[in-house]
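Heads up: the structure comes next, in structure tokens.
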Amino acid sequence: MSMGEGEDGTAGHLRVAVYAIGGNALSDPRKPSEGAGEGQALALAKVLSDIVDLLEAGYIVVVTHGNGPQVGDLLLLEERAAAAEDMATRPRIGLDSWVAATQGMIGHELALNLDSVLQRKGRPERTAVILTRVEVEADDPAFDLPSKPVGPVLSADAVMKEEWDIAATGIGPRRVVASPLPKSILDLAVIRTLVGQGAVVFCGGGGGIPVIRMDDHWVGVSAVIDKDRFSALLATELSADVLLISTAIDSLRTGFGTSSEKSLTEISCADALAGIESGEFPPGSMGPKLSAMVIAKQTITDCEVLMCAPGEALKALRGESGTRMI
């Protein structure tokens, strides 16, 4: 990564932690009407606590976040408006623009709350929210096989009535959209500069705004990039010391929901890939997270790659909670 000044004025390595927050932690897709309710407030408090704990442990923190529930809600609002007679001819907004909108909405909320906490604690760090554009391949097979869940869990009536791509997930049927792989981060230089200044950077919301190169210019495309795959790419580009994926469960489990369920404190890259291949860790659940963790660990072998519940970042780093990729 880069070199910074130590407390004694000498050059030293900047310890960087990439902390990835799931969109479901900020708005539960099972209870869309309770998006700002008590459960989400508690989840947000735990996320902010993790960030402060990492700062106090000496890390510069770069935060990424999902947007699946939120971007799906915006799509739904637009579709309901388009159904109105006086709105029928209004041009539709592209999914890439809705991703940008959720980056601003969620980044604003997170940064505002974190700045308040940092000021109360007398810490010097301040936040920066970066509208992050990410290049994808125009011919990525994902455009023909939508797989990324967005929006709320759907009722049986909605599943039958709506003309959407719908897939089963671990919590119920949800709308799915294309999820191409991230190729490069257009705003990486800006992120690096802010990291070098010691800012808490919120970036890559929703996996980043998907764009493709068409002739000699950039064009947004209809997709939602997986936030964890983006986080793995960002961690490798920053040569991060830690990649921490925060999720709804306290550790990875095999046999999830069965009598043979087992919690894993660590998992090898080989076992993770085998579990993805066998369906033990399915695409609509832990599969993408583990795939991202494997990419980060295989690229930066000395990076601590962890999965844990919100509020348990330091416990995971100490090996007291969560699951470590080895």
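Every number in this text was worked out from the coordinates using simple rules, so none of it is lab data. As the structure is a computational prediction, the values presented were derived from the model and not from experiment. Counting neighbours? That spans all protein chains shown, and the Cβs are built from the backbone with ideal geometry, glycine included.
Within the listed set 114, 234, 314, the Gaussian network model of the chain (springs between alpha-carbon atoms below 10 Å) gives the highest mean-square fluctuation for 314.
For residue 94, nonlocal amide neighbours, meaning residues 5 or more places apart or on other chains whose placed amide H falls under 5 Å from its own, do not occur. According to the square roots a ≥ b ≥ c of the eigenvalues of the Cα gyration tensor, what is the shape class of the range 175-248, taking rounded for a/c under 1.5, prolate for a/b larger than b/c otherwise, and oblate for the remainder? In terms of gyration-tensor shape, oblate.
Across the range 106-112, computed HN-Hα scalar couplings (Karplus, 6.51 cos²θ - 1.76 cosθ + 1.60, θ = phi - 60°) run 6, x, 4, 5, 5, 5, 4 Hz from first to last residue, x flagging Gly and Pro.
One Cα centroid belongs to the range 59-76, the other to the range 134-178; the line between them spans 16 Å.
3J(HN,Hα) along the range 293-302, derived from phi through the Karplus expression 6.51 cos²θ - 1.76 cosθ + 1.60 where θ = phi - 60°, amounts to 4, 4, 4, 5, 5, 6, 7, 10, 5, 8 Hz, with x in place of Gly and Pro. Provide the percentage of antiparallel DSSP beta bridges, counting only those with both residues in the chain; round to the nearest 5. Counting only bridges with both partners in the chain, antiparallel ones make up about 45 percent. Mind running the shape call on the range 138-270? Use the C-alpha gyration tensor, a ≥ b ≥ c as the square roots of the eigenvalues: rounded below 1.5 for a/c, prolate if a/b tops b/c, oblate otherwise. Verdict is oblate for the range 138-270. For the chain, the longest principal axis of the Cα atoms and the long axis of helix 227-237 meet at an angle of about 40 degrees. Computed from Cα atoms, the angle from the helix 68-83 axis to the main principal axis of the chain rounds to 30 degrees. Look at the dipole of the chain built from charges on Cβ: of 313, 149, 69, the Cα furthest out on the positive end belongs to 313. For the chain, a simple Cβ point-charge model (Lys and Arg +1, Asp and Glu -1, everything else neutral) yields a dipole of about 440 debye relative to the Cα centre.
Residues in the range 190-196 carry Karplus couplings, in order, of 5, 4, 4, 4, 5, 4, x Hz; the curve used is 6.51 cos²θ - 1.76 cosθ + 1.60 with θ = phi - 60°, and Gly or Pro positions show x. The H on the amide N of residue 247, modeled in the peptide plane, is under 5 Å from the matching H of 308, 309, each at least 5 residues off or on a different chain.
Charge dipole (Cα centre; +1 on Lys/Arg Cβ, -1 on Asp/Glu Cβ; no other charges) of the range 143-184 amounts to roughly 220 debye.
Here the contact order of the chain, divided by its residue count and restricted to Cα pairs under 8 Å and six or more residues apart, works out to 21 percent. Given R0 = 25 Å, the distance between the Cβ atoms of residue 268 and residue 320 translates into a calculated FRET efficiency of 0.80.
Once both labels are positioned 7 Å from their Cα atoms along Cα-to-Cβ, the gap between residue 216 and residue 137 label points is 2.6 nm.
Tell me whether the range 117-187 comes out rounded, prolate or oblate; compute the Cα gyration tensor, take square roots of the eigenvalues as a ≥ b ≥ c, and use a/c under 1.5 as the rounded threshold. It comes out oblate by the Cα gyration axes. Residues whose amide H comes within less than 5 Å of that of residue 187, counting only those at least five positions distant or on another chain, are 133 (H built at 1.01 Å from N in the peptide plane).
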